[in-house]
1. Would you mind computing Rg(Cα) / (2.2 N^0.38 Å) for the stretch 242-351, counting N as its residues?
2. So how do 487-497, 232-242 stack up, highest first, on mean other-Cβ count within 10 Å?
3. Starting from 0.36 nm per residue, how many nanometres of slack lie between residue 331 and residue 163 once their C-alpha separation is accounted for?
4. Running Debye on the stretch 194-248 with equal point scatterers at the Cα sites and no solvent, what base-10 log of I(q)/I(0) appears at q = 0.14, 0.21, 0.25, 0.27 Å⁻¹?
5. Kindly give Rg over Rh for the stretch 270-427, based on alpha-carbon atoms, with the Kirkwood expression for the hydrodynamic radius.
6. Rounded, prolate or oblate: which fits the stretch 344-389 when a ≥ b ≥ c are the square roots of the eigenvalues of the alpha-carbon gyration tensor, with rounded for a/c under 1.5 and prolate only if a/b beats b/c?
7. Testing the spin-label approximation: label points 7 Å from Cα along Cα→Cβ at residue 348 and residue 400. State their distance in nm.
8. Mind listing which GluC sites (Glu not before Pro) in the stretch 334-411 are in a DSSP loop and have 16 or fewer other Cβ atoms within 10 Å?
Amino acid sequence: MKITDQPHSFTGKVGIVGAGIAGLSAAIRAAVAGAEVHVFEQNTYTGGKLTAFDQEGYRFDAGPSLFTLPHLVDELFKLAGRDPKQYFDYHVHDEVCRYFWQDGTRITMYPETKRNVEAVSNVFGKTEGNKIQSYFDKAREKYDLTAPFFLEGSLHRMKTFLTKGVLNVIAAIPSLGLFSTLNDYNESIFTEPKLVQLFNRYATYNGSSPYLTPGIMQMITHLEHGLGTYLPKGGMHEISQSLTRLAEDLGVKFHLGARVESVLAKGKQVTGLQVGEEQHSFDAVFINSDVKHAYAHLIPSTVKRPKKTLKQEPSSSALIFYWGVGVSFEELDLHNIFFSNDYKREFDAIQNNREFWKDPTIYVNITSKLEPGDAPEGKENWFVMINVPADSGQNWSEIIPKARQEIISKLSEHLGRDISKIIENESVLDPLLIEKKTSSVAGALYGTSSNDRMAAFLRHPNKKTDCKGLYFCGGSAHPGGGVPLCLLSGKIATQWWLDDVR
């Protein structure tokens, strides 16, 4: 029986730095194991990037907008012996995304291969449509083969590699796409550039470039097209809030507005946390914070620094406009992508910090399509995002209005209406604010990029092996960023801790 399949009896104290989704996952698992758990969060709310706000009658999820693998949320409730539906529920959506190109081409993709074959055949011809089945089969094969090791297990523990399934991964290495880029792989499959572009976009799911990240990232498509897309009832924010309620029911103590000043250690043993002027003793500490921030501000200088990890290239960031839009658009759905005319130029501009706001690819998320209460009747809440580089001193006060104008111009052209005249209210989130609110260094959404085939192995492990009692979870630790991976990060970290306790 796996460690997480049953509760444990452990009477120690655990301190968690940060109430992001990974911190909540770790807190719940530690509480189920019997620990006294305290979570310290510098903000006055839980959720980290997974938060929400109201804006003159419109509700917005401030952070992640894509929800896949809902069983990872349900798993936490079941682990605690609770009925997930008593805390958390979600819509099962019948579309993945609607795609738009500036020459007027449009296509809707689905979580059903048969419908996708038909959609691609109708828009791009049967020759391309016939390739879809094998493309998704290959994505599923890569996911099923590697996820138990690269995503659900630790890459920094020998026991992960002492299982029979690892031999199958090793044997499949030549076909996994580790030695070519995602773009190269997609170009080898499709002759239609728009389809290459469509499937290249999955590199952005971990803040990377399709022209640099390895072809194995094709497996990300399986999350949407093979396993489905969802939206929590009440919005993405309900993921963090339902888990907060569960944690509180389990006795977890949340200390909000409590800024951790440092991790306390004696020799190579963690002893607790310095919070403001108070010291709190703990048997184990979990860091749910950007690892670069943690080493710069929280972890004692006596603890060895992982130089290669800290030198890794940051992932991309985002510039987000939250618009209350005064009309409804039938041609839009929950997820919508308006592509750049030159995808490679766009990523080169992001990578090299050039004019990345010119002709950007635009993502528009509209939760009111499934949650009508998120906007007044006949209106919509638009979460409008473009990929931008992490902050390195750019003049964002000049960039933001330029990007805004470019976005409005492009969307107006696509939708045949002057968007600027129907925006009723607006908020903006840029890399500087992302860093300020979440301690994500430079506003990098996923910590480090996956622009190198060894990136997964260079992510920070879920335990600091040379400092007893110190564990890591969150988007900049293994296995990476995004809601599902952060949930898994908390799981892997607590499994390691329970092994140590045992």
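1. Details: Rg = 21.7 Å, N = 110, 2.2 N^0.38 = 13.1 Å.
Dividing the Cα radius of gyration by 2.2 N^0.38 Å gives 1.65.
2. Highest mean packing first, the order is 487-497, 232-242.
3. On the way: separation 168, 0.36 × 168 = 60.48 nm, distance 4.89 nm.
Value of the extension gain: 55.6 nm.
4. For the requested q values the scattering log ratios are -0.55, -0.82, -0.94, -1.01.
5. Working: Rg = 21.1 Å, Rh = 18.9 Å.
Using Cα coordinates only, the ratio equals 1.11.
6. On the way: a/c = 4.48, a/b = 4.11, b/c = 1.09.
Prolate shape, in that a/c is at least 1.5 and a/b is the bigger ratio.
7. My value for the distance between the label points is 3.0 nm.
8. On the way: sites: 346, 355, 377, 380, 398, 406; in loops: 355, 377.
Listed in order of number, the matching sites are 355, 377.
The values are calculated or read from the model by the stated rules, or taken from the named source; none is laboratory data. Predicted, not measured: the structure shown is a model, and the values here were computed from it. Note that each Cβ is placed from the backbone with ideal geometry, even for glycine, and that neighbours are counted across all protein chains shown. What goes into the accessible areas is simple: the full protein's heavy atoms, side chains included, and nothing from ligands, DNA or RNA. Shrake-Rupley method; radii C 1.70, N 1.55, O 1.52, S 1.80 Å.
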